[in-house]
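Engineer: Sharing a structure, written as structure tokens. Questions coming.
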Amino acid sequence: MSLLGKIRRTGRVAEPALPPPVEEPGQPSGESSADIGFRGSVQVRHVDAGSCNGCEIEIASAFGPVYDLERYGVRLVASPRHADALLVTGPVTHNMRDPLVKAYEAMPAPKRVVALGDCARDCGIFADAYGVFGAVSDVVPVDVSVPGCPPTPEAIIAALRGLSGR
């Protein structure tokens, strides 16, 4: 009973919701160039192209109970055939180049790609490594780049909310 009393006294513990994305000039209200084609929710397929798993920890945090990215209509899916966007982490290694291209080609249009972290953007600390093919933009077209090593859950949420228009 003491645990139930503590829960009742403490109440809900969560971060406040982020403000809505800033509208770009020249676009109709509530629509930016990054979210054309998506209305409300976005299904995301995560692809680890060779990362150190630092970004994956932050993705798990963004979808966890504190930040709860799903409340904005962003959901992780298991198949690129069901995805609106690819969330790619890490530099693209030689053995992950073809699977990344196949995942991108399996997505229905309109396709969006988010390069998450410094390694996905420009290979980061793995630049010039023998097993690295290149950055994500060297393999598939990138729509949104999220800087950071690893990026914060707030940055991940802002990028994916920009895709969903929320």
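Engineer: What are the ³J(HN,Hα) values, in whole Hz, obtained from phi via the Karplus relation 6.51 cos²θ - 1.76 cosθ + 1.60 with θ = phi - 60°, for each residue of region 132-143 in sequence order, with x given for Gly and Pro?
Structural biologist: Values per residue, Gly and Pro as x: 9, 7, x, 6, 4, 5, 6, 10, 9, x, 9, 9 Hz.
Engineer: What residues have an amide H closer than 5 Å to that of Phe133, excluding those fewer than 5 places away on the same chain, when H is modeled at 1.01 Å from N in the peptide plane?
Structural biologist: When sequence neighbours closer than 5 places are left aside, the close amide H contacts are Val92, Thr93, His94.
Engineer: Residues with amide H under 5 Å of Asp84's amide H, sequence separation 5 or more or different chain, H placed in the peptide plane at 1.01 Å from N; which?
Structural biologist: Gln43, Val44, Arg45
Engineer: I'd like the Karplus ³J(HN,Hα) series for region 76-87: coefficients 6.51, -1.76, 1.60, θ = phi - 60°, whole numbers in Hz, and an x wherever there's a Gly or Pro.
Structural biologist: So the J values, rounded to whole Hz, are 7, 10, 8, 10, x, 5, 9, 9, 9, 9, 9, 10.
Engineer: At Arg71 and Ser2, where each label point lies 7 Å from the Cα along Cα→Cβ, what is the point-to-point distance in nanometres?
Structural biologist: If labels sit at Arg71 and Ser2, their model points lie 3.1 nm apart.
Engineer: Using the count of nearby Cβ atoms within 10 Å as a rough guide to exposure, how do Thr93, Thr152, Thr10 rank from fewest to most? Before the final figure, lay out each step's value.
Structural biologist: Working: Thr93 19, Thr152 14, Thr10 8.
Going from least to most buried by this count: Thr10, Thr152, Thr93.
Engineer: Please work out how much length the chain gains when fully extended from Thr152 to Tyr130, using 0.36 nm per residue of separation minus the C-alpha to C-alpha distance, in nm with one decimal. Walk me through the numbers on the way to the answer.
Structural biologist: Numbers: separation 22, 0.36 × 22 = 7.92 nm, distance 2.84 nm.
Result: 5.1 nm gained on full extension.
Engineer: Pop out the ³J(HN,Hα) list for region 149-161 in order, Karplus 6.51 cos²θ - 1.76 cosθ + 1.60 with θ = phi - 60°, rounded to Hz; leave Gly and Pro as x.
Structural biologist: Listing the rounded values in order: 9, x, x, 6, x, 4, 5, 5, 4, 4, 5, 6, 5 Hz.
Engineer: How big is region 45-164 on each of its three principal axes, counting only the C-alpha atoms and giving the largest first in Å?
Structural biologist: Sorted largest first, the three principal extents are 41, 29, 20 Å.
All of the numbers you see were taken from the coordinates with simple rules; none came from a lab. The structure presented is a predicted model; accordingly, all values stated were derived computationally and were not measured. All Cβ positions, glycine included, derive from the backbone under ideal geometry; neighbour counts span all protein chains shown.
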